[in-house]
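Notes for the one structure printed next.
Rule-based calculations on the coordinates, nothing more; no lab input. Owing to the predicted nature of the structure, the values given are computational and were not obtained by experimental measurement. Backbone-built Cβ (ideal geometry, glycine too); neighbour counts: all protein chains shown.
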Amino acid sequence: MSATPRLHVAPDLGVGADIPIDGDQAHYLTRVLRLGVGAPVRVFNGRDGEFEASVSAVTKSTARLLLGDRMREQATVPDLWLLFAPLKKARTDFLVEKAVELGAAELLPVITERTDAETVRVDRLSRIAIEAAEQTERLDVPLVREAVKLEPLLAKWGASRLLIYADEAGDEGGRPWGGDAGRARPMADVLAAMGDSPAAVLIGPEGGFSPAERKKLRDLPFVRPVGLGPRILRAETAALASLALWQSIRGDWRR
């Protein structure tokens with residue numbers, strides 16, 4: 001991995017372009033890294049690939065970058081969304097950072113009956129996603145969407161995108177793990193049988209989905225309930241385990 005600093009920027013990129021850098025990014029380059037004119041930088045914008053660049057000007061609060069050759073053509077991650085019930089701040093931040101590392105294409109907080117978390121700050125989560133993309137050599141940054149309640153989300157869901165729903169419950173009340181009836185198949189088996197349609201993974205809150213939510217999900221034709229093994233996983237662990245399984249069986253870990 002290159003030690004050259006790497007930034008996600010907004011402007012269009014092309015050989016010879018001279019682009020402005022301000023705000024936190026300028027502070028990072030000029031005050032934290034103490035880069036001067038001529039120092040090398042790498043930049044990407046999620047559209048035009050990755051370019052080598054060098055610092056062309058520095059002021060107290062801004063910098064400019066002169067673009068050189070394109071280093072990599074634009075590439076995208078597989079079309080997999082992660083839907084998750086927000087957790088407490090630190091755990092949600094961790095989940096978002098690691099989901100970016102694992103290649104989620106979009107991130108969508110979902111409010112369920114048992115969701116117990118602070119207000120979802122999409123602007124903060126978007127900054128975390130950008131930083132994670134810069135550090136992990138991604139050429140894109142996943143979109144972090146505004147939080148939505150589960151019921152209206154399902155009502156508007158496009159049936160062409162399969163919804164892989166982590167369901168650890170069974171249908172036999174009073175028996176360990178809900179008994180055997182109604183238990184979801186292992187996620188790896190479900191993924192192996194899927195086609196190449198777009199997909200999303202849905203992870204519930206601590207305590208799981210309510211019985212009404214679980215019934216609603218299982219009644220929908222585009223939902224695929226899956227199990228994640230014989231141990232109870234924390235919500236963020238379940239999310240990351242699901243992304244890892246999907247990438248290894250259907251995603252870009254096969255490349």
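Considering only DSSP states other than H, G, I, E and B, which trypsin sites (Lys or Arg not before Pro) in region 80-109 qualify as loop sites with at most 12 other Cβ atoms within 10 Å?
88
Rounded to the nearest 0.05, what FRET efficiency do residue 188 and residue 116 have when you use their Cβ-Cβ distance and R0 = 45 Å? Write out the running numbers ahead of the final one.
On the way: r = 30 Å, r/R0 = 0.67.
E between residue 188 and residue 116, to the nearest 0.05, is 0.90.
Using packing as a proxy for protection, rank 196-203, 122-129 so that the peptide with the highest average count of other Cβ atoms within 10 Å comes first.
196-203, 122-129
Under a no-solvent Debye model with one identical scatterer per Cα of the chain, what's log10 I(q)/I(0) at q = 0.10, 0.12, 0.15, 0.16 Å⁻¹?
Rounded to two decimals, the profile gives -0.57, -0.75, -1.03, -1.12.
Of 40, 147, 212, which is farthest along the charge dipole of the chain in the positive direction, counting Lys and Arg as +1 and Asp and Glu as -1 at C-beta?
Farthest along the dipole direction, towards plus: 212.
Tell me, 2, 210 in order of fewest to most beta-carbon neighbours within 10 Å?
The most exposed by this proxy come first: 2, 210.
With unit charges on the beta carbon (Lys/Arg positive, Asp/Glu negative), name the residue among 74, 201, 90 whose Cα is farthest towards the positive pole of the charge dipole of the chain.
Comparing the listed Cα positions along the dipole, 90 ranks first.
When 1/r is averaged over all different Cα pairs and the result inverted, which Kirkwood radius in Å belongs to region 6-72?
Averaging 1/r across every pair of different Cα atoms and inverting gives 11.5 Å.
Quick one: if the Förster radius is 45 Å, what FRET efficiency do residue 219 and residue 73 give, using the C-beta to C-beta distance and rounding to 0.05?
Given R0 = 45 Å and the Cβ-Cβ separation, E is 0.55.
Taking a cut-off of 14 Å, what percent of all Cα-Cα pairs in region 32-114 are separated by more than that?
Roughly 73 percent, rounded to a whole number.
Are there any GluC sites (Glu not before Pro) in region 165-255 that are in a DSSP loop and have at most 13 other Cβ atoms within 10 Å? List them by number.
Loop-located and lightly packed - none at all.
Tell me, what ³J(HN,Hα) does each residue in region 53-60 have, in order and in whole Hz, if you take phi through Karplus 6.51 cos²θ - 1.76 cosθ + 1.60 with θ = phi - 60° and put x for Gly and Pro?
Ordered by residue, 3J(HN,Hα) equals 8, 9, 5, 9, 7, 9, 10, 5 Hz.
Run the dipole for the chain about the Cα centre, Lys and Arg Cβ at +1, Asp and Glu Cβ at -1, nothing else charged, and hand back the magnitude in debye, nearest 20. Walk me through the numbers before you get to the answer.
Working: 35 positive and 36 negative charges, 67 e Å.
Rounded to the nearest 20 debye, it is 320 debye.
Using the number of other C-beta atoms within 10 angstrom as an exposure proxy, rank 59, 115 with the fewest first. Walk me through the numbers on the way to the answer.
Values: 59 10, 115 21.
Lowest count first: 59, 115.
Test of understanding: ordering 112, 237 by Cβ neighbours within 10 Å, fewest first, what list do you get?
Ascending Cβ contact count within 10 Å gives the list 237, 112.
So which GluC sites (Glu not before Pro) in region 5-85 are both in a DSSP loop and have at most 11 other Cβ atoms within 10 Å of their Cβ?
Filter output for region 5-85: 73.
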